[in-house]
Amino acid sequence: MGYLMAILIFFGTIVFGISTTSVGVSGVLLFWNLPSLILVLIPSVVAAGTAHSLKGVRVRRIIFAGESEHKPEDVIRIFNFFGTLGNSALLLGIIAFFISQILMLADLSNPNTIGPNMAMGLISAMYALCLKTIAYTIQCQVRKKVKIPHDMLNRDDSIWIAYFFAVLPMLTFFILLFAMSKSC
């Protein structure tokens, strides 16, 4: 029950933060983009499901139940599934960001396409970060269920290096865009 409350607080805080800005409550709809959500969510779930089958695992019982007896192999499968889900979401968010920037740069002569393409990329990255946050909290919740040796978990901490090198071009792009706006 505490886990559901944490997710509600997480999204409630985001919605409250958006609604208290100058755009008001209607600004929450600015953060809804179905193509971006599909581009991040569906391939992430497919990648995680392909890499780690959850067939026969009682996922809800393990995630939401209190401390009870669970098979360690089931807990490991859920832990690895959500790890892959979160990492795939981050990478797909970065890919979606780059796709939107390519679309924007392909038609710079039309200023009407710059805003929507930039927004699509940023919303895709935001969806990816939210999905990674949810997947990580589920991983933490599942990890508490059974004492599992660290070497049995599929933890690829080197992936953060890839994220760092993916963020660098984004920062460079924003700096370039800011410099271009100041020169006009």
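Brief remarks on what is shown
- One chain, two ends: Lys55 and Val28. Fully extended at 0.36 nm per residue, the span grows by 6.1 nm beyond their Cα-Cα distance.
- Inter-label distance, nm, simple model (7 Å from Cα along the C-beta direction), Ile38/Ile99: 1.0
- Under the Karplus curve 6.51 cos²θ - 1.76 cosθ + 1.60, θ = phi - 60°, whole-Hz ³J(HN,Hα) for segment 83-100, x wherever Gly or Pro sits: x, 5, 4, x, 5, 5, 4, 4, 5, 5, x, 5, 4, 4, 4, 5, 4, 5
- Potential extension, Ser109-Phe10 segment - 0.36 nm per residue separation minus Cα distance: 31.7 nm
Computed from the coordinates by the stated procedures, all read-outs in this text should not be read as laboratory data. Predicted model, so just to flag it, every value in this text is computed and none were measured. Here Cβ is always computed from backbone atoms with ideal geometry, including for glycine, and neighbour counts include all displayed protein chains.
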